[in-house]
Structure formats: C-alpha cells, structure tokens
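All of the numbers you see were taken from the coordinates with simple rules; none came from a lab. Model, not experiment: these values are computed from the prediction. Cβ atoms come from the backbone with ideal geometry, glycine included; neighbour counts cover every protein chain shown.
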Amino acid sequence: MSSTPKLPAGWEYANGKKQQILLAEYQQEQPTVHPLYGIEIAVIAYRDGNDDILLKHIQEPDLVSVVHLTWAMHREFDNFPRVEFTGSFQKFIEWEYLMYGTEVEGD
C-alpha cells in the first residue's frame, strides 16, 4: 500500500483531526484482551454513516483490519470494539464487495 489505493464506495480516507479523533476513540475503547491489543496500527479510513474504521498494521504494511467502534467513550470488554475483518488490502476490497456489494469508486 505504498501509493494511495482507491477505497470502496462509502469509505473515505481519514486525515488530520478526523484521523486523531478516530484513533483516540479506538484506543479508549480497546481492552487489554482485545485481539488487536498491542499491535501498532494507524487509522487510514472510515466508512461514512457507520462506525467502521480501517486500520493499517504498521509492522505488516499490506495487513488491514476493519473495526466497528461503539463510541462508548470508555474501555470496552472482550471483543469490543469488534474486529470485522483482518487481511490484505485486496482481500478487504473483496470482503467489502461480498458483504455490502460495494465496489471501488470509479471502477
């Protein structure tokens, strides 16, 4: 993911303040037993009109996860915020199409 790939319809890249807000909420919600706890990530995108965020795994550049935030504004428990997908960026595109029928914008 060295260049900026196109996102599926409904997803937008998170930049600046939006990126900071989403990362802060993710970190606030994440319990120590969370599947992604301790993994260095960066918020790269969010789904408009939904609480899903797309996280890039820093140590594995092509690995991404979709996480559904709760916006509880406090630490959650067990598997919340829920990890909905983890895989390569290309697999994310395929998963989006299978789950929601959304294709990459412009295709």
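Starting from segment 69-107, pick out the trypsin sites (Lys or Arg not before Pro) whose DSSP state is loop and whose Cβ has at most 15 other Cβ atoms within 10 Å.
Details: sites: Arg75, Arg82, Lys91; in loops: Arg75.
Of the trypsin sites (Lys or Arg not before Pro), the ones in loops of segment 69-107 whose Cβ has at most 15 other Cβ atoms within 10 Å are Arg75.
Helix 89-100: angle to the longest alpha-carbon principal axis of the chain, degrees 0 to 90, nearest 10?
With both axes taken from Cα atoms, the answer is about 90 degrees.
Only loop residues by DSSP count here, and only those with at most 10 other Cβ atoms within 10 Å; note down the chymotrypsin sites (Phe, Trp or Tyr not before Pro) in segment 1-65 that meet that.
Values: sites: Trp11, Tyr13, Tyr26, Tyr37, Tyr46; in loops: Tyr37.
In loop regions of segment 1-65 (DSSP not H, G, I, E or B), the sparsely surrounded chymotrypsin sites (Phe, Trp or Tyr not before Pro) are Tyr37.
With Kirkwood's inverse mean 1/r over C-alpha pairs for Rh, give me the Rg to Rh ratio of the chain, two decimals please.
On the way: Rg = 13.2 Å, Rh = 14.0 Å.
That ratio equals 0.94.
Taking the Cα centre of segment 1-100 as the origin, how large is its charge dipole in debye, to the nearest 20, when only Lys and Arg (+1) and Asp and Glu (-1) carry charge on their Cβ atoms?
Numbers: 8 positive and 14 negative charges, 44 e Å.
Magnitude of the dipole: close to 220 debye.
Report the residues of segment 4-43 in range of a label on Val83: point 7 Å along Cα→C-beta, backbone N strictly under 14 Å from it.
30-42
Can you give me the pair-distance distribution of segment 26-65, C-alpha pairs, 5 Å bins, whole percents?
Over segment 26-65, the share of Cα pairs per 5 Å bin runs 6, 22, 29, 26, 14, 3 percent.
With angles folded into 0 to 90 degrees, how steeply does helix 16-29 sit against the dominant principal axis of the chain? Use alpha carbons for both and round to 10.
50 degrees
In nm, to one decimal, how far is the modelled label at His74 from the one at Val33, with both set 7 Å along Cα→Cβ?
With each label placed 7 Å out from Cα toward Cβ, I get 1.7 nm.
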